[in-house]
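Worksheet: the structure to be examined is printed underneath.
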Amino acid sequence: MSVDEQVREAPSEPSALPSRRSLLKLGGAAALGAGAWALAACETTTSSPGTTASAAGENSVLDKWISSKTAKLGVDLTFPPIQFKDSSGKPTGYQMELTEAMMADLGVTPQYVEIPFGQLFAGLVANKFDMMGISATILPSRSLKGLFSSFPVFYESIVVLLKPGSAITSSSQLNASGTKIAVLQGSSQEFSSKGLFPNATFSAFAGIADAVNEVATGRAEAVVLSEFDVDDSKKAHGDLKILPGPPLWVDANTYLMPLGDYKLQAWVNNWLRYNATHQRLVSSWKKWLGPGLKKYNLTTYGVGPGAEPELVQV
């Protein structure tokens with residue numbers, strides 16, 4: 001799925017690029033503020049057959065799950081160590097460990113519908129599954145297709161990998177005419193990078209491995225990708241260089257469910273908050289992400305008890 005938003009005009013001066021602190025605040029505020037938005041939306045949202053549930057909680061997916069004891073969840077299991085299949089074919093990773101625990105607490109058996117990530121949003125609207133069983137960045141365009149939980153599942157630090165021999169030493173240098181940047185098609189990295197670096201040229205790829213290979217072969221100057229993609233990318237192409245400094249930005253990611261299903265949203269919010277206050281999200285982040293991030297001294301953030309990004313020492 002290509003990003004369907006008009007890219008916002010971004011400042012071309014390096015000094016005008018947002019700071020890490022401001023991006024973190026915006027990410028946390030967006031996740032928390034979604035709850036207030038949801039309450040206001042109760043007053044105005046109208047239902048479309050097959051895509052919404054009433055604000056009062058009638059016909060909620062939650063009731064359907066409790067009644068049928070099954071939950072149909074849309075997933076893409078090709079993003080280790082967040083979500084992938086182990087050697088036996090079982091879904092595992094940071095995200096899937098939480099999803100499985102959530103379903104177990106409901107006494108529900110998950111049925112996974114595997115769809116490429118970029119097609120999951122259209123799949124939700126088309127009722128191909130009940131809810132996304134993995135998380136997505138809270139892009140405004142995506143909130144037109146579904147209702148995000150107002151509590152994050154994880155914070156995603158964004159990293160830049162440079163081609164071998166690159167002379168780039170600062171992110172501001174990427175915002176130059178003739179600079180080619182590779183990104184994952186339909187991702188938040190594609191959308192946000194175009195806003196940060198309007199003078200650059202972008203090549204979008206259906207798979208992150210293809211985007212990384214574009215840089216490894218020197219056809220692109222840099223690839224903008226998630227922190228959890230760095231380890232595998234460096235294993236495949238050890239001569240790629242990590243752009244030094246803090247994350248380019250930090251995204252909030254969480255579950256997406258049918259528009260208007262505030263009953264389901266409230267339960268998911270509560271489950272995530274409870275587990276965050278018990279440090280389950282941070283400890284699981286260290287378990288799954290820690291080994292790969294520690295190799296490269298990358299800055300990473302877990303989800304704190306109040307939904308705030310919490311610096312994690314790995």
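The values are calculated or read from the model by the stated rules, or taken from the named source; none is laboratory data. Quick caveat: nothing in here was measured; it's all calculated off a predicted structure. Virtual Cβ from ideal backbone geometry, glycine too; neighbours counted across all protein chains shown.
Can you give me the number of residues within segment 173-191 that are surrounded by 14 or more Cβ atoms within 10 Å (Cβ to Cβ), touching a strand residue (DSSP E or B) at 6+ places or on another chain (Cβ under 9 Å) and on the phi < 0 side of the Ramachandran plot?
Qualifying residue count, segment 173-191: 13.
For T137, state whether it is closer than 23 Å to Y301 by Cα, free of Cβ contacts under 8 Å to residues at least 12 places away in the same chain, crowded, with 18+ Cβ neighbours inside 10 Å and in contact with a strand residue (DSSP E or B) (Cβ under 7 Å, 6 or more places away or on another chain).
Spelling it out, it is not the case that T137 is closer than 23 Å to Y301 by Cα, free of Cβ contacts under 8 Å to residues at least 12 places away in the same chain, crowded, with 18+ Cβ neighbours inside 10 Å and in contact with a strand residue (DSSP E or B) (Cβ under 7 Å, 6 or more places away or on another chain).
Name the pairs: first residue in segment 95-121 and among the hydroxyl-bearing types (S, T, Y), second residue crowded, with 18+ Cβ neighbours inside 10 Å, Cβ to Cβ under 6 Å, at least 6 apart or on different chains?
If the second residue must be crowded, with 18+ Cβ neighbours inside 10 Å, the pairs left are T99/G133; Y112/L73; Y112/V75.
Scanning for something at positive phi and at pLDDT 95 or above, does segment 301-311 turn up at least one residue?
Yes: segment 301-311 contains one or more residues that are at positive phi and at pLDDT 95 or above.
Check S170 against each of (1) surrounded by fewer than 16 Cβ atoms within 10 Å (Cβ to Cβ); (2) hydroxyl-bearing (S, T, Y); (3) closer than 22 Å to G207 by Cα and name the one condition it does not meet.
In the conditions (1) surrounded by fewer than 16 Cβ atoms within 10 Å (Cβ to Cβ); (2) hydroxyl-bearing (S, T, Y); (3) closer than 22 Å to G207 by Cα, S170 misses (3) alone.
Would you check which residues across segment 94-128 are more than 21 Å from L147 (Cβ to Cβ) and either part of a helix (DSSP H, G or I) or of a type in the set (G, A, S) (or both) and list them?
Passing the criteria: Y94, M96, E97, E100, A101, A104, G107.
Check whether at least one residue in segment 85-93 is assigned to a strand (DSSP E or B), modelled with pLDDT under 95, under 26 Å from R273 (Cβ atoms) and not β-branched (V, I, T), and report yes or no.
Within segment 85-93, not a single residue is assigned to a strand (DSSP E or B), modelled with pLDDT under 95, under 26 Å from R273 (Cβ atoms) and not β-branched (V, I, T).
Only one of (1) surrounded by fewer than 22 Cβ atoms within 10 Å (Cβ to Cβ); (2) of a type in the set (D, E); (3) part of a strand (DSSP E or B) fails for D210. Which number is that?
(3)
What's the number of the only condition in (1) closer than 19 Å to D76 by Cα; (2) in contact with a Lys or Arg (Cβ under 9 Å, 6 or more places away or on another chain); (3) in the same structural domain as G302 (by TED's automatic domain parsing) that M257 fails to meet?
In the conditions (1) closer than 19 Å to D76 by Cα; (2) in contact with a Lys or Arg (Cβ under 9 Å, 6 or more places away or on another chain); (3) in the same structural domain as G302 (by TED's automatic domain parsing), M257 misses (2) alone.
Among the residues of segment 111-144 satisfying the criterion of being within 12 Å of the chain's Cα centre (by Cα) and of a type in the set (V, I, T), which is farthest from K90 (Cα to Cα)?
My answer is I138.
Show the residue pairs that are 6+ apart or on different chains and have beta-carbon atoms under 7 Å apart, the first residue being within segment 299-314 and in contact (Cβ under 8 Å) with a residue 60 or more places away in the chain and within 17 Å of L248 (Cα to Cα), the second being assigned to a loop (DSSP other than H, G, I, E, B) and not acidic (D, E).
Short answer, once both residue conditions are applied: T299/P246; T299/P247; T300/V312; T300/V314; Y301/V312; G302/V312.
Out of all the residues in segment 192-202, is one or more in the same structural domain as G238 (by TED's automatic domain parsing), in contact (Cβ under 8 Å) with a residue 40 or more places away in the chain, surrounded by fewer than 16 Cβ atoms within 10 Å (Cβ to Cβ) and in a loop (DSSP other than H, G, I, E, B)?
Yes: segment 192-202 contains one or more residues that are in the same structural domain as G238 (by TED's automatic domain parsing), in contact (Cβ under 8 Å) with a residue 40 or more places away in the chain, surrounded by fewer than 16 Cβ atoms within 10 Å (Cβ to Cβ) and in a loop (DSSP other than H, G, I, E, B).
Here is a check on your reading of the model: is L161 closer than 23 Å to A236 by Cα and surrounded by 20 or more Cβ atoms within 10 Å (Cβ to Cβ)?
Yes: the conditions hold for L161.
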